[in-house]
Amino acid sequence: MKKLKARHPTKIITDLLMMVREGASQFEDKDIYIYNEDKEEKHVSYRENYERVLYLGTAFCELGLAGKHIGVIGDTHPLYMTTFFSTIASNGTIVPLDKDLPDDALIDFMNIAEIEALVYTSKFNNRLAAYGDRIPTLRYFIPISNKETLENDKIMSMDSLLEMGKKLYDGGDTRFTDIVPDLDNTAAIIFTSGTTGTSKGVMLSHRNFVAATNGSCQSMQYDDTNLFVDCLPMNHSYEITCGQLAIQNLGATMVINDSMKNTLRNFAKYKPNALMLVPLYVETMYKKIWSEIDKKGMRKTVRRLMKISDGLLKVGIDMRDKFFGQITGALGGNLRSIVVGGAPMNPQIIKDFNSFGIFILEGYGITECSPLVAVNSPGEEKPHSVGRPVLCSQVKIDKKPEDETGEILVKGENVMKGYYKNEEATKEVFTEDGWFRTGDIGYIDDEGYIFITGRKKNVIILSNGKNVFPEELEEHLASRDDVIGESVVIGRKDETTGETAITAVIYPNQDFAKGKTPEEVEKAVKDAVTEVNKSLPQYKQMRAVEIRDTEFEKTTTRKIKRYLVK
C-alpha cells in the first residue's frame, strides 16, 4: 500500500474566477460535482460550472447586484458555490449563513450584513421569504429549487436568473467578465457563532481566499486523480476553502453527501480515495468499524493482526491491504488519507486508522485565518501536532521566556481584514505589529511543528468542529432569572465516550427556592433549561445540568471567576 502522490503540479491561482475559468479549460467535461436531487443522481462538469458562474454573474450585473452583499444558506449544492464565485468575482460580498440557526437569528444576521439578495436551497423554501418586510435591504429571494410556493414579488428563481444571464452573455454582454477583481475587497462575511451580540462577522478578502487556497493545495499531495465525498456544511470556513476551493483547484471530483446517515453508504458506492472531515465523522466511522468487528467476535484477532502489521511496517513490509481489506472495503476500498480539522482528534483513532492503512492528517485553522494555518503533509506527519504552517502563513508563540507554551499568533495573506462593523473587537485581536491573536495556547518544536495544548478563551469546541460560546448560552439562561440566579456554561468531557457535553452549572434563584425541597428546585431549573434549549440549534443545546448550593466566586467587579468552575 503506497501513499498517494500528486501526479500533476497544482496551479497557483491569482483570483477565484481565474481558477474556475482555467478549471473549465483544463478539465472540460470531467465531473466536478456528483450529487442526488429529487432521488436522481446528477452531474456537473467543470465546463458547466464555469458557464453557470458566467450566467449568474451577468444576471447579477443586470439586476444591480454586482458588488453587493448577497446571502446564501442551505444544504450543500453546486449552485451554492456558483453564487459564491459569481458574487466574489463581481467584487461583491458573500454572506454564508448557518442553516441550523432559528429564523429570528438568521434575520438578525441578514440585517447586520445588509444583504440585498438571498440564495437558498429547498430546505428554506416557504420560510425566509415570508419575512421579507423584516429585512429592509433585501431586494431578491432566490430559491435554487423551483418548489418555492410563497407568493412574494421579491422571489426570483435561480433558473430564471441563469436563463437571463445566458441570454445576455450569449448576446455579447461582457459586464461581468469586464470586472477587474479587487483582491482587497471584502469577499465574505462569515459569522463566528451565536444569535446575539457575542457573534462577530469575520471579513475575509478575495486575497485571503486565494492565499489559503494556494496554501492548502501546496501542503497536500492531491491532484485531479482524487475523488472526495463532501460531508461538511457549506457555511463552514474549512469547507469553503479546503473542501471547495482547494479541491476545485486540483481538478478533483466531489461527491456531495446527501445526509449523515448515508455517509458510509456513499463511501461504499463512490469509493473516495481522500476525504476532508471534522472529528465527528471520523469518530462515527471508527465506532462503526469496531461495532462490526465486535459483532463477529473478532476484536482480539484484529488487534493481534494490527500489532503484527505494525511490526512488519517497521521493516518495510506492508500487509495492510491483505490483513484489513475487508475493513477498508466498507469505506469503498480506495481511501488512503483523511485531512481532519475543526477540533482535536483522539490520538488512538489516528493510530488505529494508520494500522488499517488510512492516514489521518491533522490540521489547524480558525475562521479569521481563512481558515487554514497549519497542516500535517503526507509522509511528514508528526503525532499529536497539527503540522507546520502553510506557505501563506507565519506563526509564532507569544510567551514569557520561562514559559513552555503561549498564545499562538498568526500573520500572512490568509489573515482576515477584521470584524464587520466592530473596530473595538478587531483591535483587541491584533498586536501592535499586526499579528493576529488566535486565543489558542501551544508551542512550536525545533522542526517547526505546532502543538496546541489548550484554549485561552472559553469557547467550547465540539467533536463536529462547531464552536459554542458559553457567554451566549448564559445570556439565554438569564432570561429565566425567575428560577435561575447565576449560571456558568462549560464543556464537560465524558471520559468513556470522549464526547463533550455542554453543561449548565446553575445557582438557583434563592427567592424562588425558599420553602421548596431540593428536588422541586432541581426540577424547576431543569425545566427552565429545557425551555431555553428549544430556542437554540441542536448542537448548542445544554445536555446536562448541575445545581450549586453556593454562589459562584466573583471578582471585585462582580464578575464570576469562571476558571474556578471545574
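The values are calculated or read from the model by the stated rules, or taken from the named source; none is laboratory data. Here the structure is a predicted model, which is why all the values come from computation and not from measurement. Every residue, glycine among them, receives a Cβ derived from its backbone with ideal geometry; neighbour counts consider all protein chains shown.
Within segment 442-462, is there a residue that is surrounded by 20 or more Cβ atoms within 10 Å (Cβ to Cβ), at pLDDT below 95 and not in a strand (DSSP E or B)?
yes
Please identify the pairs in which a residue from segment 132-146 that is in the same structural domain as Ser157 (by TED's automatic domain parsing) has its Cβ atom under 8 Å from the Cβ atom of a residue that is of a type in the set (Asp, Glu), counting only partners at least 6 apart or on another chain.
Note: pairs meeting the criteria are Thr137/Glu114; Thr137/Glu116; Leu138/Glu116; Arg139/Glu116; Tyr140/Glu116; Phe141/Glu148; Asn146/Asp159.
This table checks each residue for (1) out of contact with any Phe, Trp or Tyr (no Cβ under 8 Å at 6 or more places or on another chain); (2) farther than 29 Å from Ile179 by Cβ; (3) small (Gly, Ala, Ser).
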residue	(1), (2), (3)
Thr225	yes, yes, no
Met234	no, no, no
Tyr238	yes, no, no
Gly251	no, no, yes
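Among the residues of segment 267-290, write down those that are modelled with pLDDT of 85 or more and of a type in the set (S, T, N, Q).
Passing the criteria: only Asn273.
Applying the selection to segment 494-528, what residues are closer than 25 Å to Ile460 by Cα and not in a strand (DSSP E or B)?
Asp494, Glu495, Thr496, Thr497, Gly498, Glu499, Glu522, Val525, Lys526, Asp527, Ala528
Take the residues of segment 44-69 that are aromatic (Phe, Trp, Tyr) and either within 12 Å of Arg175 (Cα to Cα) or at pLDDT below 95 (or both): which is surrounded by the most Cβ atoms within 10 Å (Cβ to Cβ)?
So the residue we want is Phe60.
Restricting to segment 77-106, what's the tally of residues that are closer than 22 Å to Ser535 by Cβ and either in contact with a Leu (Cβ under 7 Å, 6 or more places away or on another chain) or at pLDDT 95 or above (or both)?
3
Please go through segment 384-398 and pick out each residue that is crowded, with 16+ Cβ neighbours inside 10 Å and more than 30 Å from Leu183 (Cα to Cα).
Listed by number, the list holds a single entry, Ser385.
Could you please give the count of residues in segment 100-128 that are surrounded by fewer than 24 Cβ atoms within 10 Å (Cβ to Cβ), touching a Pro at 6+ places or on another chain (Cβ under 7 Å) and under 15 Å from Met234 (Cα atoms)?
Going through segment 100-128 one residue at a time, the tally reaches 2.
Among (1) in contact (Cβ under 8 Å) with a residue 40 or more places away in the chain; (2) surrounded by fewer than 19 Cβ atoms within 10 Å (Cβ to Cβ); (3) more than 16 Å from Asp440 (Cβ to Cβ), where does Ala343 come up short?
(3) is the only condition that Ala343 fails.
Residue-by-condition table, conditions (1) surrounded by fewer than 19 Cβ atoms within 10 Å (Cβ to Cβ); (2) not hydroxyl-bearing (Ser, Thr, Tyr):
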site	(1), (2)
Ile484	no, yes
Val489	no, yes
Glu519	yes, yes
Lys523	yes, yes
Lys526	yes, yes
Ser535	yes, no
Lys540	no, yes
Tyr563	yes, no
Lys566	yes, yes
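Say whether the condition of being in contact with a helix residue (DSSP H, G or I) (Cβ under 8 Å, 6 or more places away or on another chain), assigned to a loop (DSSP other than H, G, I, E, B) and of a type in the set (D, E, K, R) is met by at least one residue in segment 306-329.
yes
Which ones in segment 143-172 are over 19 Å from Pro78 (Cβ atoms) and of a type in the set (Lys, Arg)?
The answer is Lys154, Lys167.
Identify the single condition in (1) under 29 Å from Arg21 (Cα atoms); (2) in contact with a strand residue (DSSP E or B) (Cβ under 8 Å, 6 or more places away or on another chain); (3) of a type in the set (S, T, N, Q) that Asn152 does not satisfy, given that it satisfies every other one.
(1)
Check whether at least one residue in segment 361-383 is modelled with pLDDT of 95 or more, part of a helix (DSSP H, G or I) and surrounded by 17 or more Cβ atoms within 10 Å (Cβ to Cβ), and report yes or no.
yes
Would segment 136-148 turn up any residue that is in a loop (DSSP other than H, G, I, E, B), of a type in the set (Gly, Ala, Ser) and at pLDDT below 95?
Checked segment 136-148: at least one residue is in a loop (DSSP other than H, G, I, E, B), of a type in the set (Gly, Ala, Ser) and at pLDDT below 95.
Would segment 330-340 turn up any residue that is small (Gly, Ala, Ser) and crowded, with 18+ Cβ neighbours inside 10 Å?
Yes: one or more hits.
Examine segment 423-430 for a residue that is within 29 Å of Met345 (Cβ to Cβ), among the hydrophobic types (A, V, I, L, M, F, W, C) and part of a loop (DSSP other than H, G, I, E, B), and state whether such a residue exists.
Yes, segment 423-430 has at least one match.
Mind listing whichever residues of segment 463-483 are among the aliphatic types (A, V, I, L, M) and in a helix (DSSP H, G or I)?
Listed by number, the residues that qualify are Leu473, Leu477, Ala478.
For Gly243, only one of the following conditions fails: (1) crowded, with 18+ Cβ neighbours inside 10 Å; (2) not assigned by TED's automatic domain parsing to the domain that holds Ile190. What is its number?
(2)
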